[in-house]
Structures are given as structure tokens and as C-alpha cells.
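Below: the structure, in C-alpha cells.
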Amino acid sequence: MPALAQQAETTAGDTASDTVAYSTLADLLENDATRQRLIEQLRTLASDDTSVEAPGEIAAQEAAGEPNPAEASLARRLAETTSEVASDLGHQFTLLVDALGALFTSTGADTGPRISMDEITSAALNLALVIIATFAAFLILRSLARPLFSKVSRWSQQGSGRSPLLRVIVAVAIAALIDVIVVALAYVGGSLIATFAIGETGELSTRASLFLNAFLIIELVKAAIRMLFSSRYEGLRLLPASAGEAAHWNRWLATLTGFVGYGMLVAVPIVNYYLSPALGRGFGLVVMLLAFIYATVFVLKNRLKLRHALEARAARTSMGASRVALNLLAKLWHWLAIAYFLVVLLLSIVRPEDALPSVMLATLQTLIIVGIGMLISGVLTQLIGKRITLSDDLRRKLPKLEVRLNAYIPTFLKVIRAIILITVVLLVLNAWGIFDLAAWYATDAGSGTVSKLIDVIIILVVAAALWIALASLIEHRLSPETGTGEPSARAKTLLSLFRNALAITLITMTGMIVLAEIGINIGPLIAGAGVLGLAIGFGAQKLVQDIITGIFIQVENAMNTGDVVSVGGVTGTAERLSIRSVGIRDLSGTYHIVPFSSVDTVSNYMREFGNHVGEYGIAYRENIDHAIEHLEAAFEELKASEEHGHKILAPLTVAGVTALADSSVNIRVIIKTTPGDQWGVGRAYNRLVKIHFDAAGIEIPFPHTTLYFGENKDGTAPPAHLRLAEERRQAVETQPEQPATSDTETYRVSDPSHDKPDSDDVDAPQAR
């Protein structure tokens, strides 16, 4: 139409062309609908022309100090947007009033209203027949599909698999497929009826086509809603809600979807086509206002009910992040819903031509994205909550594998769930045009970020898998259930040290690789670590000496945990052995930590065998061969005992007489035992030797004391007269007790040996 108007102005030289152009323009202006459409297009062109400013105008604005609209503040842009919305709203109401008045206004030769009631009645009747036929076919097909829905629901509820959520998802997917097939068949049936049974045969009217397309879209949306809130079938409901609550929300969403969908996709286009575009735009605005009011009232009425349900759900959640998210959603869900409905209303005001299709597309994408994200997150949550259980045989061979799997796999799934949440948010923002995900990914920063994130996840997964595999292999070697028997003490020590070194190495290398992957230059870090290590090496020479000595002690198998050793002047059992020190528990129970730098000699009493070396003294008057016979007899009795017999590795070795001591003749014997049992065997043998010597009357001498009284100048020694203790006691008992003669009691000794000696008590020295 603008082209025709321009043609009418620019072709004045050609009479025939002028006649045609003026006639066409007159026809356009005579019809109210086409005239209104021409006015709207001219206004659009005018607004487009004024929105594009020439460089000279922009420069003039800058010279005058006026702000550039592209550089306006956020507050100014919001004010302008609000003003435009209010202006469009007022303009649309004005156009609606004018269009309603023009419908019933007579024009020129016409004496009646422009509305033809016969045409409207015929069109409405045909459309009503199409609607009735389509919904009848849909209801019949739904009733035929109910047994299938019931069967799938029972299968979902009666399943006893390890992952019931997966079974529910499969059942809902099957039911959704059946629902889509029913909707498609009803659409095809309605199209056939509208084409061949109603109106002109073989031709599908525009009205019927509008309704059928709207029916297909709306019923598919309702099918998606039924996947979340299935009111009749418990096993086909994805969201955890009771049957009454599910029916309540399903009914509200279905009503809102049907009202907005059929109003905007059927009623508004019909009004635009048959009556007036302004009237259709105003009618669409009324539909959206009513839908906004209905949705807002419903949300506010159910605000507390859904909040309490979400808080109860959060209280039952074991994961902290999910609990926080649910509590936050419980407090903000009604504001988010009202904001969504408000955005839809504003879009329908600002962009009435494509508001509903774009909103429906964005909403559908949001529902699909959020639904898929919730399903994946739910599956991961169920997997996180399940404890991994290995078989008894595998648990015996690898005792820590189950613990590691239950620690690493849930952590990995939590990370994946966080990534899914971020992805869902980005996709939803992209669906609403707030964030262009494709354009961001096309940039170097976007593709680099995604690539680095994937690389970091792969590195961490490989490092964790490598650690689990190697640590499990070490535990397999350490476990006595592997078929190789109990590992040696040296194997336990070395494998434990290797496992610790492996953990440190993997952590260091993984950290370095991750830092390098995310773009951090690790060259200075490595150089700094080298310099720091050199400084620590110079400042901690004892520590370096401890580590180097400890490495050689372990390589040479000098000692292992459980060995009885003498290290650094301390003798005891080695309870803990590291690369730097050894922990010794002595006989008194004291725990000593001996650094390897102070170890000059390691005396290990637990290598291959042990010897009990015993020296037994007999009196000089005893027969040595007779004593050796009894020593051998005691050994034979020890060898025959159940407690110590299996500990003896060789016959008794009699080394012979080792010393002629001051008061005894010492005989040495050696008993070879299993390592660590020499002390217990020696104690048992000492007991038997005492028993055998006592039975044979062999004296085991004890120390004697010789008293020397000196000698005279001529070389003679005076004799010492000794009185026995028994004679002294008898003398004391036979002496009568004398009473005390005063208040002060006097104690007297009646033993005559305590009297002052006289000349008779000392014998004259005798010549030798």
C-alpha cells in the first residue's frame, strides 16, 4: 500500500497510470479496514525514520550537550520504555474504541452496519461444527487409550528396580508418546471432517485451519503439563504431589493455556481478518489482561500452600545445596511467577504481532530445558543417595575400594549436577533472548571456557581413576585374602610408603596440570618451588638427612613395623615407620620417636632366627658332666611342650664351661628359636633348669662373703668367737624381768653378750 501511494505521487506524467493509481488509492481509503492498515504502516515508517538519526544530528546533539540515546543511562532507558508501554497501551485502547464504533457506523450509500450477521452466523456454525468434531474425536481416542495409561501406570508403581525414578521416567515417556499420538490422530480427524464434511468439499477454510493449528499446539502443551501433574494416574506423575494437588494445578494450567491459546491463536486472527486489525489487537490485549489477572490471583491464593510444600520437601532433602535452593524457591516462587506473567503481558502490549508465538516458544523451550534438567538432576540425586556395595569377596581383597568409591563418585555427580544447573540457566536465558549462548560460544572466550572446563573434568576423572586403580592394587598386595598369604612386614612398610608417595605425586601433578589448563603460567611456580626447595634443603639439613637415611634403611630392609630393634640407644618394638623417623615402644610402654639422622646402628632381633644364650653356674663340688645331662634333660622337656616346642629350630648346643668364676663354674648353652621367640623360650628353659637342678641336688651357688679381722705384727691373726643367734635368743628368754624402781621406766638388756667385756672374754692370741 505505501508503494501504491508512492506510485500515485511519482507517475503524474502518465495519464493511464495516474488514473489506475488514484483509483487504487481511493479504493484503499474508502475501505475502513484497509485505510486503518495503511495509516498504521505509515506511522510505523514514520517512527522508523525518526529513530534513525543522521551523523550530523548526532554531532549537533553532542555539541549542544544533549546525551546520545545509545549512551543514555539505565534509568532513562527504563523511563522511556515505561513511557512507550503506557503510550502503546493508551493507543491500543483508543484504536479499540474507534474500531468498535466503526463496526456499527454507516458509510456513504450503506444504510446498515458493516457487520453481516448472515456471514458471521454461517462462519460461526461451521467453526463450531469443526470444534465439536475435533474434540469429540479427541475424547473418544483418549477413552480408548485409558487402558494403556492404566497399564503403564501400574507397571511404573509395581516395579522394584534399583532406580525407581528411571522406571517412572520410562513410563512417563511411553504415556507422553501415546498422548501425542492421540492428539495427532484427533488433529487429522478434525482436518478430514473440516475438509470433506463441513463447508465446501475438498477445501479447508481459514477459520478451521486456525482452530486446528491452535488445537494441535495447545493440546501438546497440555500433554506436557500432564507429564508433570497427572491427576488420574499416580505412576505417570513426575512431580511429587498428591492426586488432589496434582488435579488442582493441572486444571489451572490447562484452563490458562486453553484461554490464552485459543483466544490469541483463533479468536484474535479471526477478528483481524473479518473485522478490523485494531479490533483484533484490542481483543488480544483484553485476553492477555484477563489471563494476567486470573494467573496472579491464583498464584497469590496458593502462595503459602506451595511454600509449605517446598519447605517440607527441603527438610527431607539430605544435600545442603538442594535444601538451600528449595528454601529460596519457597520464598520467591510467587514473585517469579508474577514476574513471568507480567513480562508476557508487556510483550503482548509492545509487540502484539509476534508476542504470543515468541512467548510460547520461549516458554516451551524453558519447560523442556528445565524438565530435562530436573530429570537428569533427579537421577543423579538418586544415584548420589545410593551407597555403592561391593561383593564380599571383593571387599575382603580390596577393603578400602568401597569407601573410596562412595567418597569420589557422589562428589563427581555433585559437580556434574552443578554444571547441569549452570547449563540450564544459560539455556533458559538464551531462550528468552537475554543471553545469546550461540554467539558467546562462537567467541574465543566462550569456546575456550567450555573446552577448558571439559579438559579439567577429564583430567580430574583420570587422576581419580588412576589413584583408585593404583591404591586398590597396593591394597590387593597387602591383603592376606589375595592368595599369596600374609605379606611380610617389609612389604607392608614399603607398599604403605609407596602409596603415600603416590598420593603426593598425583595431587601435585594434577594441580599443576589443572593450573596450566586454565591458563595460569606454572613456570614461575615451578621455579619458585625449586628455589624454595633448595632453601629448605640448606636450612633443614637434618630433615634431608632423616629422609635419605630412612630411604636407605627401607631399601636395605633394616627393620619393619613389628620388629624388635635397638635404634639410637632405644630397644623396643617398631610400631610406626615413616620415611623420616621410627616409633619405638619399649618394654615399660614408653613410646619413643627416633629420627633416622640419629641412627648409627640398627640392631634387629627379628631376622630369620633368634638364639637364647644361657649361662648356668654350679658349685665347684658339683660334677660338670652330671650338670650338662640335666641341662639336656630340661631342653628335651621344653622341646616336648606344646607351647614352646614348635618354636625350637635346632637341637641344644652346649658350648661348655665358659668361666671358673669366684664361686661358680659357668656352663653356656644355646637354643635356636624362631625370630622373636628367644625370650619366651629362654624364660621357660630357665624354669625347667631350676626344677631339674633342685631335683638332682645340684647347687646353684650364690655370692659368699669372707670376713677378715686383720693380723698382728708378728703375722698371727686373732680368732673371732661368734655366738649363734639361737643361743643369744635363749639367753634373753631365760633372764628374769626386773621391775622398774622409779616413775621413769628404765630398759635393761639382759643379754650377757652386751655386757662390758672383761679379761676372760678375750682369749690370748696363740701362736700359729
For K222, counting only lysines whose alpha-carbon sits under 25 Å away and dropping same-chain residues fewer than eight positions off, the answer is K151, K301, K305
Using alpha-carbon positions, the gyration tensor of the stretch 407-476 gives root eigenvalues a ≥ b ≥ c; with a/c under 1.5 called rounded, otherwise prolate if a/b exceeds b/c, else oblate, the class is oblate
Looks like the stretch 513-600, by Cα gyration tensor root eigenvalues a ≥ b ≥ c and the a/c under 1.5 rounded cutoff (else prolate when a/b is bigger than b/c, oblate otherwise), is prolate
For K690, the lysines lying under 26 Å Cα to Cα, once residues fewer than eight places off in the same chain are dropped, come out as K639, K647, K672
Dividing the mean separation of Cα pairs under 8 Å (6+ apart) by the residue count of the stretch 240-370 yields a relative contact order in percent of 20
The distance between the Cα centres of the stretch 499-568 and the stretch 389-432, in whole Å, is 31
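For a Förster distance of 35 Å, can you work out the FRET efficiency between the beta-carbons of N604 and I504, rounded to the nearest 0.05?
Details: r = 28 Å, r/R0 = 0.81.
After rounding to 0.05, the efficiency reads 0.80.
We did not get these values from a lab; they are worked out from the coordinates using the rules stated. All figures in this text were calculated on a predicted structure; none of them were measured in a lab. Quick reminder, even Gly has a Cβ in these numbers, built from the backbone with ideal geometry, and neighbours come from all protein chains shown.
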